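Heads up, the thing below is written out as structure tokens.
The values are calculated or read from the model by the stated rules, or taken from the named source; none is laboratory data. Here the structure is a predicted model, which is why all the values come from computation and not from measurement. As a convention, Cβ positions derive from the backbone with ideal geometry for all residues, glycine included, and neighbour counts pool all protein chains shown. Quick note on the areas: whole protein, heavy atoms, side chains included, nothing else; ligands and nucleic acids left out. Shrake-Rupley method; radii C 1.70, N 1.55, O 1.52, S 1.80 Å.
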Amino acid sequence: MIKINNLSKTFTKKNVLRNLNLEIKDGSIFGLIGINGAGKSTLLRLLSGVLKADSGEILFDGINIFDNVNVKKDIFFLPDEPYYSANSTAKNIVDFYSTFYDLNKLKFYDIISKFKLDINHTIKNYSKGMKRQLFIAIAFAIAPKYLFLDEAFDGLDPLARLIFKRELNELIAEKKITVIISSHSLRELEDICDSYGLLDGGNISYTGFIEDHKSIYHKYQLAFINELERKDFVDINIVSFNRIGRIIKLIAKGEEAEIDERLKKYNPLIIDKINIDFEELFIIEVEGKGYINE
């Protein structure tokens, strides 16, 4: 288990993280979300032992991470822009990481073949997506106990994303590793994460299971004889409202059966329920924090 206690980190007088507390269970696929600049990359660097916290602690099975080689050997952190030298090739990079980790080269070349990545070119000539594919293959070939991925899907085309998710699911099923993924591709996170945390204001403002949190909100499409406004629905806790003529799409918070009955009192011609997705959930949360103005 990863346990973070009262973690704080400041850069040039900017408080990026403030007394952050979080627990992540073994075998979880945890999605770390937040707006740009929320501190997601900083938190991942602290978790991997790249940065030292100003205060607080990060414990892996009760052991502090920073300056602990025995813990760090079980961690692989893939940043948004991984380092490589100017003339590095894929083979050079694999040999480099093999000196620090027990890297399964057969697995690496298997994943590379699925990505159809040419390993004979220098990495500097790769596109961003190709670089991401290379380092994902390295991460999966290492199969660490703890895998931290910053902007995991950035630059990946739809096919590469599918291969990524399949390989990650196989790795977790086989090795029972713990994964933390930071990404703005929330629909992709919804496919693979069992839990998530919203990083906001230097702290985790919400954490839990995705499906549990989604069950709090309910999305409807309705049609009425008259053109109704948001203010007309006085007894419903509406968190999102969009009207085009007499057609209304809204998201409400509360008990589903109770919302259903209250909406029926407004005599809709049509009332359809729509599944709410993870991206909409994120927008609801950040709107509630005042980051988006309607």
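When you look at Asn293, is it at pLDDT 90 or above, of a type in the set (S, T, N, Q) and open to solvent by 70 Å² or more (accessible area, probe 1.4 Å), yes or no? No: the conditions fail for Asn293. Just to check your reading of the model, which residue among Leu59, Leu51, Leu43, Leu7 is at pLDDT 95 or above and out of contact with any Gly (no Cβ under 6 Å at 6 or more places or on another chain)? Answer to the selection: Leu43. Filtered by the rule that a residue be assigned to a strand (DSSP E or B), under 30 Å from Glu174 (Cα atoms) and touching a residue at least 60 places away in the same chain (Cβ under 8 Å), segment 1-44 gives Ile2, Asn21, Leu22, Ile24, Ile29, Phe30, Gly31, Leu32, Ile33. If I filter segment 10-21 down to residues being open to solvent by 10 Å² or more (accessible area, probe 1.4 Å) and either of a type outside the set (Lys, Arg) or in contact with a Ser or Thr (Cβ under 6 Å, 6 or more places away or on another chain) (or both), which single residue comes out as nearest to Phe153 (Cα to Cα)? It comes out as Val16. Note on segment 67-81: among residues that are within 17 Å of Gly155 (Cα to Cα) and touching a strand residue (DSSP E or B) at 6+ places or on another chain (Cβ under 6 Å), the one that is most open to solvent (accessible area, probe 1.4 Å) is Asp80. The set of residues in segment 202-231 being assigned to a helix (DSSP H, G or I), loosely packed, with under 13 Cβ neighbours inside 10 Å and modelled with pLDDT of 90 or more consists of Lys231 alone.
Scanning segment 254-267 for residues being aliphatic (A, V, I, L, M) and open to solvent by 30 Å² or more (accessible area, probe 1.4 Å) gives a total of 1. Filter segment 235-253 down to the residues that are more than 23 Å from Val286 (Cα to Cα) and without any contact (Cβ under 8 Å) to a residue 24 or more places away in the chain, then identify the one that is surrounded by the most Cβ atoms within 10 Å (Cβ to Cβ). Out of the qualifying residues, it is Arg246. Looking only at residues that are outside any loop (DSSP other than H, G, I, E, B), closer than 26 Å to Ser195 by Cβ and hydrophobic (A, V, I, L, M, F, W, C) in segment 257-279, which one is farthest from the chain's Cα centre (by Cα)? The selected residue is Ile259.
When the residues of segment 51-66 are filtered to those that are surrounded by fewer than 16 Cβ atoms within 10 Å (Cβ to Cβ) and not polar (S, T, N, Q), the one that is farthest from Asp26 (Cα to Cα) is Asp54.
Contact annotation: residue pairs with Cβ atoms under 8 Å, 6 or more positions apart or on different chains, pairing a residue in segment 198-211 that is at positive phi with a partner that is in a strand (DSSP E or B) and aliphatic (A, V, I, L, M), are Gly202/Val16; Gly202/Leu17; Gly202/Leu20. Glu190 meets all of the listed conditions (1) surrounded by 15 or more Cβ atoms within 10 Å (Cβ to Cβ); (2) at pLDDT 90 or above but one, namely (2).
Only one of the numbered conditions (1) at pLDDT 90 or above; (2) in contact with a Lys or Arg (Cβ under 8 Å, 6 or more places away or on another chain) is violated by Ile119, and that is (1).
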